[in-house]
Amino acid sequence: MLRKACAAIVCAVALVAIPRPAWAGGQGVVFVHGTGDLSSASDATNNYWSSSAIDTMAGGYPYLVAYYPGASCAAYQQCAWGPIVDQTVSWMQSTGISSIVVVTHSNGNNPIRYLLQHPSSISANGNVASTMTDAMVSMTAIAGDFAGTPLADQVTTSGSFLNIANSVVQFFGGGSYDVPAVVAQRQDNMATYNSNGTFGGSAGASTIDGVPTYTVVGTGVDANLFSGDAWCGGYLMSVGLEMTRCFGWGCGACADGFIGCNSSEYLGTNLQADGHLSHNQSRRACHGSGGTVANIVNQYLQQAAAASAPDSAESPASQACDATVQGWSGDIWFQGCPSGASYDPGSGNYFDCLIAYGTSGGTTIPDSYASTPYSNSGNYYSQGYSGCSDSWRGNGYCDLCQVAKYGFDGLPGSTVDSDCVNDGPGTSNYCSDIAWNGDVGVWDYGAYVANH
Amino acid sequence: MKTTVRLSLSVVVALLVGCNSSPAPAPSPGDLAPRVTYQAPARAAQRGLVQVSTPQSPKEIFTPRVDLPVVTVHDAVLQIPAGAPGAYTVPVDAVSPDSFLYLVVHSNDKAVVQAALQDITVTSPAGEVLNRRAPVKLLVGDPNAPEQPPMPTVPLEGKPTGDYTIQVGPTAAKLDLTVKVQQPLSDIELRLQASTPELLLGTDGSADVTLTAGGKPIPAAHVVGHLMDPQMRRTLDLTFTPQGNGVWRASGLGASFDQASAPGVWHLFVEADGTTASGQSFRRFASTGFDFAVPTARIADASTTRILRDASGKITGFEVDVTVESRASDRYEVSAMLTATGADGKEHPLVRAQTADVVAPGTGKITLHFDAGYAQLTGLEGDYLVRDLMLYSQGVGAPMQRMLAGPNVRFTGVRLADLAAPAHLPPRVLEMQRRGLL
């Protein structure tokens, strides 16, 4: 970015006891597939999800695609949840990631529900479940099978629904119905697990043991030959799932062809209920579902990053770019937040008070970023009115507009200090903030150096 | 949330805050208690004490009961086992645009399925054959074109109610066949409910079938059932006895089990058929389940409590020692919920504690630790109650004992000002705070 002006403003360093989280680190996404014996991350990526769907849903954050024997092992068995814990803990340790959002599809939520209900469990490799569950800030269950499916009832009784829709057998792990994970997804099995303490989360709850849980639900299947929606993920699969929807629930019923809404909406807060989103399409990010997941991933991980960022919870004076300081630097006048000042949302005065304190005049950042002057591209004259660009994240300059936008200035998932860390006496920070450009008489985005 | 191995550095005192316990309260729906425990071989389980304390949202309401699953069905299902060719009837009692008759041939061989379907004829009460497709040779103008197999899915919209005939020929009769009639708007309803989600060897259970038509009890019907084991193999036939008011009951389920019975979810399949007061014949099928386990341990005592304080006198934790009597080496998990009554007069959860370790045959002590800092985050004070005490076998994957109302242990007169701040705030807890859940 173009730096309009620089000035030396000495920032005081306050050595105060600041309450901090007992953790700090990066953020990432863990994807957990449904029924199917997947033997590697690439197997799970290519043969269950798709790489483009994963990329879309991860929202730019680092991610782990977990794999486990999700057909030969029922969700409550150690051989199902154990590998998920092992892979997640290993990944967190090797990358420094400490906050995770878990994204599941179909039966994939159930090993996670087991872990949340039994955090004292230990995997075969010795990893404690709570090491993973403590890091969970939310779970999003795409087409989640919380309460079982009548199709599992059917295939485990008759051994087949081949003549109804053979194309969907892959959702039961490739065609063999006589496997623990399919039996476990019978509706009577799931009702038992939901009531005898096997799985966490009760009907209608918005959280599982305190972890906010969201759902993306297919309420119908579009198998219209002339509909573009029907072709996403494969047209024949859409046809097959429309047939199984009719068979399992009724052609007008609320179901995605494999999971009924009574199961996928059993608990959690719904983010998307879509009549054109089959069970196959929801794992392939079709019909905007990938964007829905990415939005919630971003929401949680940005907040987690802000909470964990080293520049959070600082007193103004110890912040890297003490925004309480007011004054001219050449033709540039930095508004600052003088003692006793407060942000006036109506006039826009003293917006630096938001940066200094996180909240002022009843407005809180980053939640209310959109209503602050930092979101107004008209205040970025020398930047060509570009507004606060995400390309400035983690670029070495402490952009106070990024602090307003996200609560910190760092790359998503980064484990290194953000740009707005005060490294102590003798160090400096390059800072950028909205300031009055006296040269041309407009609000602008200018820079200064803060020496500590 | 907070996973620790407790050391003895905390100051164990009870000053203003007291603890008391008295005999356990009356059982709640969903409670589980072994009558006897059984010896069993040691279960392979990971070793190591793990003690976890997890904050709960006080916005939730704690209810000391578990609602038992109820299965409700309106569809008609007819199972035709492999055998001799013949004609079978299935009653259709309600027809709507969403009504279909499905033929499910029990085979994964496509050619076999197609041959069987060729050998099945579905005829309506009016004598109309419903599952024939239009002759292909007429459609394509080719007299030599092969015939399409009959439809496995028959739309019933516009068709009459009554008995439909399924004619099974010699080829189809070699296979099991399921006929399912989807009729979501039928007012003839079968409800099935087991008395417990968990049946421990040595205890008993039952299952009730309720039949209604238009909301009124059906006084007479033929109700039969059987058990399927966790591997979906048919085992014992059950006798359902009329209880009056449209209810039939299978009692004495516990007698069907012994130590050799397979652990896991057993399935109770029920079929009912009959005629309503208005003369409408019907057929219903439903299944429910319950988990079966051999109890190898029980909670012998949960009355010893402690209040932990730091050097400044602030409370850091509430602890309950749970004595577990074990007859099989296993990794046992004990969990419980700490609750308090809010200003709304309702009981709210504060902190859930869970501790697991291997307990060899004999007596072992498992200590539940409720982090006082997490209780402080909830903002609730007063009497803290220990609720939903559960003993769970991690080796078997089944609960062994559950007291939803708890062991009647409480920490009385807790003041927020006396509680220490939480020592750890992992991402999950911070997120709960940010979301206003704490």
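Things to note:
- Segment A:49-104 and segment B:180-258 have their alpha-carbon centroids 40 Å apart.
- When +1 charges are put on Lys and Arg Cβ atoms and -1 charges on Asp and Glu Cβ atoms, the dipole computed for the protein assembly as shown relative to its Cα centre reaches about 1360 debye.
- Sequence-distant residues sharing a close amide H with A:Trp443 (under 5 Å, placed H): A:Asn437
- Peptide-level mean, for A:203-212, of C-beta atoms on other protein chains within 10 Å: 5
- Taking 12 Å as the straight-line reach from the Cα of B:Lys216, the aspartates and glutamates in range (excluding those fewer than 8 positions away in the same chain) are B:Asp187, B:Glu189.
- When each of B:Lys110/B:Lys180; A:Lys405/B:Lys59; A:Lys405/B:Lys346; B:Lys110/B:Lys159 is checked by Cα-Cα distance, pairs over 31 Å: A:Lys405/B:Lys346
- DSSP beta bridges fully contained in segment A:26-305 are about 15 percent antiparallel.
- Within the protein assembly as shown, the percentage of alpha carbon pairs spaced more than 58 angstrom apart rounds to 18%.
- Segment B:96-124 versus segment A:415-452: alpha-carbon centroid distance in Å: 74
- Nearest-20 debye value, chain B charge dipole, Cβ charges on Lys, Arg, Asp, Glu: 980
- When segment A:26-305 is described by a simple charge dipole with +1 on each Lys and Arg Cβ and -1 on each Asp and Glu Cβ, the residue from A:Leu64, A:Tyr193, A:Met237 located farthest towards its positive end is A:Leu64.
- Cβ-based exposure ranking for A:Ser264, A:Ser120, A:Ser106, B:Ser287, in which fewest neighbours within 10 Å come first: B:Ser287, A:Ser120, A:Ser106, A:Ser264
- For chain B, the fraction of alpha-carbon pairs in successive 20 Å shells from zero, as %: 21, 38, 28, 12, 1
- Cα-based Rg / Dmax (Å) for segment B:321-427: 15.3, 45
- Cβ crowding within 10 Å ranks B:Val179, A:Val239 as A:Val239, B:Val179, fewest other Cβ atoms first.
- Residues A:Trp81, A:Trp392 arranged by fewest to most Cβ contacts within 10 Å: A:Trp392, A:Trp81
- Förster radius 56 Å - calculated FRET efficiency between A:Asp423 and B:Thr363 (Cβ-Cβ, nearest 0.05): 0.50
- The alpha-carbon of B:Lys174 sits under 20 angstrom from the alpha-carbons of these aspartates and glutamates, leaving out residues fewer than 8 places away in its chain: B:Asp109, B:Asp119.
- Dipole axis of chain B (+1 Lys, Arg; -1 Asp, Glu on Cβ), positive-most option in B:Ile61, B:Val95, B:Pro170: B:Ile61
- Using θ = phi - 60° in the Karplus curve 6.51 cos²θ - 1.76 cosθ + 1.60, the 3J(HN,Hα) couplings for segment A:390-395 round to 5, 5, 7, 5, x, 9 Hz; x is entered for Gly and Pro.
- Dividing the summed helix terms, -39500 (n - 2.57) for each DSSP H run of n ≥ 4, by the number of residues in chain B produces a 222 nm estimate of -1500 deg cm²/dmol to the nearest 500.
- Remark: relative contact order (segment B:186-293) = 32 percent; criterion is Cα-Cα distance under 8 angstrom and separation of 6 or more residues.
- Number of partner chain Cβ atoms within 10 Å, mean per residue of B:97-110: 5
- 5 angstrom amide H check on A:Cys420, placed H, neighbours 5+ away: A:Asp409
- Lys, Arg +1 and Asp, Glu -1 on Cβ, resulting dipole of segment B:194-290 about Cα centre, debye, nearest 20: 340
- Summarising the amide proton neighbourhood of A:Ala74: residues at separation of 5 or more, or on other chains, whose placed amide H is nearer than 5 Å comprise A:Ala181.
- Within a Gaussian network of chain B (alpha carbon springs, distance under 10 Å), most fluctuating of B:Glu325, B:Glu198, B:Glu60: B:Glu60
- Which of B:Ala255, B:Phe411, B:Ser195, positive extreme of dipole for chain B (C-beta unit charges): B:Phe411
- The 3J(HN,Hα) values that the Karplus relation (6.51, -1.76, 1.60; θ = phi - 60°) gives for segment B:323-340 are, in residue order, 8, 10, 9, 10, 10, 8, 5, 7, 8, 9, 10, 10, 9, 7, 10, 8, 10, 8 Hz. Gly and Pro appear as x.
Bear in mind these aren't lab numbers, they're just calculated from the coordinates by the rules spelled out. Just so it is clear, the structure is predicted and the values come from calculations on it, not from any experiment. When we count neighbours, we look across all protein chains shown, and the Cβ atoms used for this are built from the backbone with ideal geometry, even at glycine.
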